[in-house]
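Participant: Have a look at the structure that comes next, please.
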Amino acid sequence: MRQILLVVDVQSCFAPPLWLIEGINRLSRHLPCVALIEQHDESQTPFLSQLGWCPPRDDCCLIDADAIFIKHGYTPSPAAMEYLRQYQADRILVCGIQTDTCVLAAGFALFDAGLHPTLITDLTVGSSLDRSGAMGIKLWKHHFGRTIHSRELRLEQDPP
């Protein structure tokens, strides 16, 4: 099965737990890996004016990824979506920060594009509303159906 790992917002400003960084980096050594990081641009997404908070304009990814894409808002950028589409994966494994917001938004974008998103349930952290991620996992199962635990993953890749 051809699969690719999509990591959402595992970056300095969100202070991810070490277990999350280490777990994702373990997988990234065995799978092609794409990371998304959020950087603030008020002209693109009005976080500051609508929420009174915004991520920094510049932040760094904490994952060893093959490709890193900047996003301004909740969903992956068009460039990231095109990169994932061109990979022609049987499924896209998704993990990262804020299961109930940005990770879920990535799931909607992938699903709408026909890219078969699967959430890795033990490699995700929820928002401040539900740090456990349980609410986001429940929403993911409801909308997309596909979840997996990292220990269940087959890490061999079919030849391109």
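Participant: What does DSSP give for the chain in terms of the percent of beta bridges that are antiparallel, rounded to the nearest 5?
Facilitator: Counting DSSP beta bridges with both partners in the chain, the antiparallel share is about 5 percent.
Participant: Highest mean first, how do 23-35, 103-115 rank when packing is the count of other Cβ atoms within 10 Å averaged over residues?
Facilitator: 103-115, 23-35
Participant: Using the heavy atoms of the protein chains alone and a 1.4 angstrom probe, what is the accessible area of the chain per residue in square angstrom?
Facilitator: Solvent-accessible surface per residue comes out at 49 Å².
Participant: With every protein chain present, what accessible area does HIS116 have (1.4 Å probe, heavy atoms only), rounded to the nearest 10 Å²?
Facilitator: 80
Participant: Could you give each residue of the range 52-61 its phi-based ³J(HN,Hα) in whole Hz, using Karplus coefficients 6.51, -1.76, 1.60 with θ = phi - 60°, and x for Gly or Pro?
Facilitator: Residue by residue, the range 52-61 yields x, 8, 8, x, x, 6, 9, 8, 10, 6 Hz.
Participant: Ignoring ligands, DNA and RNA, what percent of the accessible area of the chain is carbon or sulfur (1.4 Å)?
Facilitator: Roughly 54 percent, rounded to a whole number.
Participant: Kindly report, to the nearest 10 Å², the accessible surface of LEU129 as traced by a 1.4 Å probe over protein heavy atoms only.
Facilitator: About 140 Å², ignoring ligands and nucleic acids.
Participant: Using the Karplus equation 6.51 cos²θ - 1.76 cosθ + 1.60 (θ = phi - 60°), what ³J(HN,Hα) coupling, rounded to whole Hz, does each residue of the range 63-69 give in order, writing x for Gly and Pro?
Facilitator: Running phi through 6.51 cos²θ - 1.76 cosθ + 1.60 with θ = phi - 60° gives 10, 7, 10, 6, 8, 10, 10 Hz.
Participant: Also, quick follow-up: Could you work out [θ]222 nm for the chain from helices alone, using -39500 (n - 2.57) per DSSP H run of at least four and dividing by all its residues? Round to the nearest 500 deg cm²/dmol.
Facilitator: Value at 222 nm, helices only, nearest 500: -8500 deg cm²/dmol.
Participant: Using modelled amide H (1.01 Å from N, peptide plane; none on Pro or chain starts), what sits under 5 Å from the amide H of PHE69, excluding residues fewer than 5 places away?
Facilitator: Here ALA35, LEU36, ILE37 satisfy the definition.
The values are calculated or read from the model by the stated rules, or taken from the named source; none is laboratory data. Since this is a predicted model, take the numbers as computed values, not measurements. Note that each Cβ is placed from the backbone with ideal geometry, even for glycine, and that neighbours are counted across all protein chains shown. For the accessible areas, the whole protein counts, side chains as well, though only heavy atoms, and no ligand, DNA or RNA atoms are used. Shrake-Rupley method; radii C 1.70, N 1.55, O 1.52, S 1.80 Å.
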